[in-house]
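Asks: Have a look at the structure that comes next, please.
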Amino acid sequence: MSKVMKLIPELRFPEFQIERDWEYLNGNELFETISNKNHNSDLPILAITQEQGAVPRELINYNVSVSDKSVESYKVVEVGDFIISLRSFQGGIEYSKYLGLCSPAYIILRKKQNDSNNFYRHFFKSFLFIQDLNRNLEGIRDGKMISYKQFSDILIPHPKKQEQQKIASCLSSLDELIAAHSDKLDALKDHKKGLMQNLFPQEGDASTGSALPKVRFPEFESDGEWEIKSIEENIDLISGIALKSKELSDDKSGTPILRGINITEGVIRHSDEMDKFFLGDKSELKKYLVEENDIVIGMDGSKVGKNVALISKEDSGSILIQRVARIKAVNSDVNYLYQQFVSYRFRRYVDVVNTSSGIPHISAKQIRDFEIGFPPKIEEQQKIASCLSALDELITAQTEKIEELQQHKKGLMQGLFPRSITN
């Protein structure tokens, strides 16, 4: 028997304000579970992702071999179906825009009523639904899938279809705007990548230790060839101090500690959960206090070679901890060196030299051995760095714009869906 609830969202489009409260129905009244087995070997196998929902594996280079015998047990997913996976605990129930096959381990949901696909596509990815999913189904995780019976016990909103469509259209328009800005961000990153390939000599350009880039600013065209060499003589590199775990405190009155977890791609990030502080005497730790415009590199982890950032004024004075490298420029422009360290070329280099057993790791010596091109004059370094830094500012602004839109959508969803969906 249905457990009916009636609630009103905080935000409602004017034409629906005189309508009745929203009705909530059990999951099995709105969706049935589907177990149609595969009888068509030509259908693509779907990967279940939080970013794109259910999508053909070849579209995202998800290469996992599956035997023909195994595929025979796969379920057929139709366009508009929803899929429950282990990821549902963290990222909501996924949606499929494709006809394809998925593992029999997944639960396929198909609408029973003539409701809006996009309304439920947004609702199942909303923070409120995921929060409710985790709260109501707490204790069943432990590597287990949500069952159809457990899904059936969840109360799900069921406003009139016209209101469903209005909400879905609003949120889908935001998705399209976010996607357009994401495409622009990708274009800026691709432009920078191409520009760097032209502004720097590439691997194989010089077997004698000298080379020329494909593109050069006019004022430097007559300055002669670049020198290709390791950066060892042009940097001052140290790795951080090994502090004991008991010396790491949550007390913000202490000196901030810069750990590998704080360093991401181009950004020093902070949060109450990850930030740690040193409460002892730092007078003997001056060597390890970072300064503005120092380059810091995370030396291990899955993103080794990618986690590189410049120290800002706000992070100046933090204590450099072990497994993080600090680099100062010597007879070079620090921003020029920074652009080299955030390049795809450095990432490829790290992929080749980092330790493959256990946690990926790069040593201080391997960083020093990284070879780059040095133009004859430091002014050319500065010109190149200035050009690329201007692009970085555009990329950062575009990234922030996307984050703002995503936060706007999150807030909008919290208003468009009623706050409580517990039974």
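The values are calculated or read from the model by the stated rules, or taken from the named source; none is laboratory data. Note that the coordinates shown come from a computational prediction; the quantities given were computed from them, not determined experimentally. With ideal geometry, Cβ positions are generated from the backbone for all residues, glycine too; neighbour counts draw on all protein chains shown.
Asks: May I ask you to say which residue of L279, L310, L237, L320 is over 27 Å from L388 (Cβ atoms) and either of a type in the set (G, A, S) or in contact with a strand residue (DSSP E or B) (Cβ under 9 Å, 6 or more places away or on another chain) (or both)? Steps first, please.
Replies: On the way: L310 fails: over 27 Å from L388 (Cβ atoms); L237 fails: over 27 Å from L388 (Cβ atoms); L320 fails: over 27 Å from L388 (Cβ atoms).
On inspection, the qualifying residue turns out to be L279.
Asks: Among the residues of region 380-393, are any touching a residue at least 24 places away in the same chain (Cβ under 8 Å) and of a type in the set (D, E)? Break it down stepwise before answering.
Replies: Filtering region 380-393 down to residues touching a residue at least 24 places away in the same chain (Cβ under 8 Å) leaves 380-389, 391-392.
Filter once more, so that each one left must be of a type in the set (D, E): 380, 392.
Yes - at least one qualifying residue is present in region 380-393.
Asks: Looking at E163, E138, E203, can you tell me which residue is under 30 Å from G415 (Cβ atoms), modelled with pLDDT under 85 and either in contact with a helix residue (DSSP H, G or I) (Cβ under 9 Å, 6 or more places away or on another chain) or part of a loop (DSSP other than H, G, I, E, B) (or both)? Don't jump to the end; show me each part of the working.
Replies: On the way: E163 fails: modelled with pLDDT under 85; E203 fails: under 30 Å from G415 (Cβ atoms).
None of the other options fit; the residue is E138.
Asks: Here is a further query. Could you go through region 264-272 and let me know if any residue there is among the hydrophobic types (A, V, I, L, M, F, W, C) and either modelled with pLDDT under 90 or over 34 Å from the mean Cα position of the chain (by Cα) (or both). Show your work before the answer.
Replies: From region 264-272, those among the hydrophobic types (A, V, I, L, M, F, W, C) are 267-268; that's our starting set.
Subsequent filtering for residues that are either modelled with pLDDT under 90 or over 34 Å from the mean Cα position of the chain (by Cα) (or both) retains none.
For region 264-272, residues among the hydrophobic types (A, V, I, L, M, F, W, C) and either modelled with pLDDT under 90 or over 34 Å from the mean Cα position of the chain (by Cα) (or both): absent.
Asks: Ok, one more. State yes or no: is Y62 at pLDDT below 90, part of a loop (DSSP other than H, G, I, E, B) and farther than 22 Å from K410 by Cα? Give the steps one after another, and end with the answer.
Replies: Values: at pLDDT below 90: yes; part of a loop (DSSP other than H, G, I, E, B): yes; farther than 22 Å from K410 by Cα: yes.
Against the criterion (at pLDDT below 90, part of a loop (DSSP other than H, G, I, E, B) and farther than 22 Å from K410 by Cα), Y62 qualifies.
Asks: Can you list residue pairs whose Cβ atoms sit under 6 Å apart, with the first residue in region 142-153 being within 18 Å of G91 (Cα to Cα) and the second being in a helix (DSSP H, G or I) and at pLDDT 75 or above? Count only pairs 6 or more apart in sequence or on different chains.
Replies: F151/G27
Asks: To continue, here is another question. Report yes if V55 is in the same structural domain as K160 (by TED's automatic domain parsing), free of Cβ contacts under 8 Å to residues at least 40 places away in the same chain and more than 23 Å from Q414 (Cα to Cα), otherwise no. Before the answer, list the steps.
Replies: Values: in the same structural domain as K160 (by TED's automatic domain parsing): yes; free of Cβ contacts under 8 Å to residues at least 40 places away in the same chain: no; more than 23 Å from Q414 (Cα to Cα): yes.
So V55 fails the test.
Asks: Any chance region 307-324 includes a residue that's of a type in the set (K, R), under 23 Å from the mean Cα position of the chain (by Cα) and under 28 Å from L195 (Cα atoms)?
Replies: First, the residues of region 307-324 that are of a type in the set (K, R): 313, 323.
From the residues that got through so far, the ones that are under 23 Å from the mean Cα position of the chain (by Cα) too are 323.
Now restrict to residues that are under 28 Å from L195 (Cα atoms): none.
No - not one qualifying residue is present in region 307-324.
Asks: I'm trying to understand the selection: among the residues of region 375-386, which are surrounded by fewer than 21 Cβ atoms within 10 Å (Cβ to Cβ) and more than 13 Å from Y338 (Cβ to Cβ)?
Replies: Within region 375-386, P376, K377, I378, E379, K383 qualify.
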